[in-house]
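See below for the structure under consideration.
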Amino acid sequence: SSFSWQTTFQDGGEEVEDGAVYNVTLKKVQIQQAANKGARWLGGEGDQLPPEHTVRQYETSKIRAIKAGTLEKLVENLLTAFGDADFSYISIFLATYRAFASPKAVLELLLDRFGNLETSSPGEMANLNSLESEMLLRAEIASVLRAWLDQCSEDFREPPDYTCLLKLLDYLKNSMPNSDMESKVQNLLKQFQNQEVETVDGFCSTSSSDLVDGEELEISNPEEFSCFQDHVVAEQLTYMDVMLFKKVVPYHCLGSIWSQRDKKENKNLAPTVRATITQFNAVTKCVISTILGTRELRIQQRAKIIEKWIHIAHECRILKNFSSLRAIISALQSNSVYRLKTTWMCVSKDILLMYEELSEIFSEHDNYLTSRELLMKEATSKFANLDSSEKENQKKSQKRLQLQKNKGVMQGTVPYLGTFLTDLIMLDTALQDYVEGGLINFEKRRREFEVIAQIKLLQSSCNSYCLIPDQKFIQWFRRQQHLTEEESYKLSREAEATADTNILSPKSQKSMVKRISTLFLGTDVITPPKEQPPKISPAAGSSGESTDSASVSSCEFNHSETEDVCMTPVSSPEDPLKKGSIGSDKGSSSSKGSDSNKGSGSSKCSIFDPVSGSDSGSTPTRDSGPVPCSGPRVLPVYNRQSGGSCIIRVSMDGLHASVYKSILITNQDRIPDVTQRALLKHNLEPGAVEDYELVQVISEDKELVFPRDANVFYGMNSHVNFDFILRKKA
């Protein structure tokens, strides 16, 4: 007989057990079924049947999802989650448990406490209905172990002893001899041992050990670079990015783990994420070195190189490679390249419009909504969805895209990883690790998994790429000698000083200046920054080598640094000369010690993505007090006070202003509390609170100095950037 059904969900409240708190949802299914076969002749089916000819049945089931618990309860829940209809629990736990436990601790609980019936007390197994037989228990454990090995095999990579893998192998030999899983673990052990001497292949390292004998680092040769076709360069950059992104271990991205990478003992932490950042930096530096590395270039030649990189960026967009696309755009927006106003005047109008459209992808408007929506839209699509407001660019885009489609091979999507890193850091900042009673806040892990799942989805999509490495290009790329920030700035000044300003007639030069100023600044003419090299951050070093501790390799760039550093080009097309305009617009300036604002107004509201010197960044400090772990929570955002909290950026006096730590403050925090947390984040002695003062930067020449016991939240100027300096008292 025909039937239809309707499902509704109802909040069932909470269930509290010893060591665990559960959210309960009641799932009610209404089944409407024809009373007999003859009812079909009445001309209706299911809910269209007259009431007297149908039978309604209701089935109600309970879904229990653990929201907080001890480690023992969370591990035990791995064995009962399916029975509680919490089907995603195992995946969420495996993707996030490294934030609160080690593989050894979880494996010992799983195998020794729950895997050994002789040592398990009746109380521990009460929620497992005492498991009718040892075979049933072993089947549950085997299911969890299988998922662990399939989803997170990297957890067992512990050279040289491989303690956990050997313990697991010993368990399988005793409990499941000659099983497929035993063979799988043995093969995994051999694989790890064979790879022990290998490291993550970053492709872009410029150390001498990565060069073929006889090769040396070299300044880019423009002629050699011009020999590579635009689409070939984009494909090779995509090949490198794909290889690295597929190797990213998702838990390395967790805020609680990534934020610890600067500690001395963690210099090898999250190597897969560091490798993607190193590659991003290498692309950015390669762009700058090709544009500025050769002093002898004429202005038209330099403009042609800029045009070529814009075309390469467009090819990256067609390939859905948002990582290298952003690296190229960041390089073109860097101070040393952006200030080449005479060179930019020689870039053709069509290509400038193309550059503008590509730059708008990473606009910080509405928390980088454009890039986020585009990434999710194309995450699993076969090809890029290209739209252009300029007809000529639209034609070229569609032609290139059609060539890709004719190849018959689907494309994956390579994201800009910094977006996800910052999202996870912000979640780690805003949500507590533990709730009342010292229970692990698993609701936080569910929120983190929403981001991790996106990373894993994109990693899976990257298997669709079919790219072949071009060793000629890769070797050229590796040989490039990267310029330090000081070197690139010096070369930029020289290039501008020697530019022949007479190459354009006064009329054409005037119209070109107007066009570029409209494109980048709206109405103002491009103004070069003060003629002095930017300060070099000690965190980033001055050698131009990649420094993972700062997540970037030059203060000038502004890309994958999601935590401690947010590098801002002195002038960028998205927000030119921002540093000079802070606090100067709309009457937001304030003199020292004045203008205490309680409003929540702000010039920006974005938080997550650290591009163009904006928002977010860093490892924020978590408050110690417990918070409820139920119901939706509005996360605090940078440059906006909401819900009695906000995130501020604190840098140390004397260091580059872009090297900062993000700290979450509430309307209860006073100067000593915030100062102490800032000292801790900067790895300084927290007991030295009395030796420092905290000031808010209002503009280049104005600061807001706080009295000793002032409430920071209510005392700060909320109409300018939430940038603070920690300064040692005189």
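Would you mind checking K285/K456; K28/K73; K167/K246 for any pair whose Cα atoms are more than 31 angstrom apart?
Details: K285/K456 28 Å; K28/K73 28 Å; K167/K246 28 Å.
With Cα atoms farther than 31 Å apart: none of K285/K456; K28/K73; K167/K246.
Each residue, K490 and E224, gets one label point 7 Å from its Cα in the Cβ direction; the gap between the two is 2.3 nm.
Label-to-label distance for K377 and Q668 is 4.4 nm, based on points extended 7 Å past Cα in the beta-carbon direction. Coupling constants for the range 431-446 follow from the phi torsions by the Karplus curve (6.51 cos²θ - 1.76 cosθ + 1.60, θ = phi - 60°), and in residue order they are 10, 7, 6, 10, 10, 4, x, x, 7, 5, 7, 7, 4, 4, 5, 5 Hz; glycine and proline get x. Given a 1.4 Å probe and the protein chains as shown, M243 ends up with an accessible area of around 60 Å². Remark on K67: its backbone amide H falls under 5 Å from those of V21, Y22, N23, a criterion applied only to residues 5 or more positions apart or on other chains, H modelled at 1.01 Å from N.
Surface listing: R339, R493, R295 arranged by accessible area from highest to lowest gives R295, R493, R339, probe 1.4 Å.
The 1.4 Å probe gives accessible areas that order E224, E296, E700, largest first, as E296, E700, E224.
Arrange the residues V287, V689 by how much accessible surface each exposes, largest first, with a 1.4 angstrom probe.
Details: V287 0, V689 30 Å².
Ranked list, largest accessible area first: V689, V287.
Using a Förster radius of 51 Å, what is the FRET efficiency between E196 and V705 based on their Cβ-Cβ separation? Nearest 0.05, please. Spell out each step's value before the answer.
Working: r = 55 Å, r/R0 = 1.08.
The computed FRET efficiency comes out at 0.40.
Measuring with a 1.4 angstrom probe and ignoring ligands and nucleic acids, H682 comes out at about 30 Å² accessible.
What spacing in nm lies between the two simple spin-label points modelled at Q260 and F87, each 7 Å away from Cα in the Cβ direction? Simple spin-label model gives 3.4 nm for this pair. Close amide-amide hydrogen proximity is noted between G412 and S464, Y465, each under 5 Å apart and 5 or more residues distant or on a separate chain (H modeled in the peptide plane; Pro and chain starts excluded).
Beyond 16 Å, what percent of the Cα pairs of the range 131-176 remain? In whole percent, the share of Cα-Cα pairs in the range 131-176 beyond 16 Å is 45. Segment L467..Q301, full-extension length gain: 56.7 nm, with 0.36 nm per residue of separation and the alpha-carbon distance subtracted.
Normalising by the residue count of the range 252-342, find the relative contact order in percent from Cα pairs under 8 Å and 6+ residues apart. Worked out over the range 252-342, it gives 27 percent.
In the context of the full protein assembly, F9 retains an accessible surface of approximately 130 Å², using a probe radius of 1.4 Å and ignoring ligands and nucleic acids.
The values are calculated or read from the model by the stated rules, or taken from the named source; none is laboratory data. For clarity, every value in this text was computed on a predicted model and none was experimentally measured. Methodologically, a virtual Cβ is constructed for each residue, glycine included, from the backbone with ideal geometry; neighbour enumeration extends over all protein chains shown. In case anyone asks, the SASA skips ligands and DNA or RNA and just uses the protein heavy atoms, side chains included. Shrake-Rupley method; radii C 1.70, N 1.55, O 1.52, S 1.80 Å.
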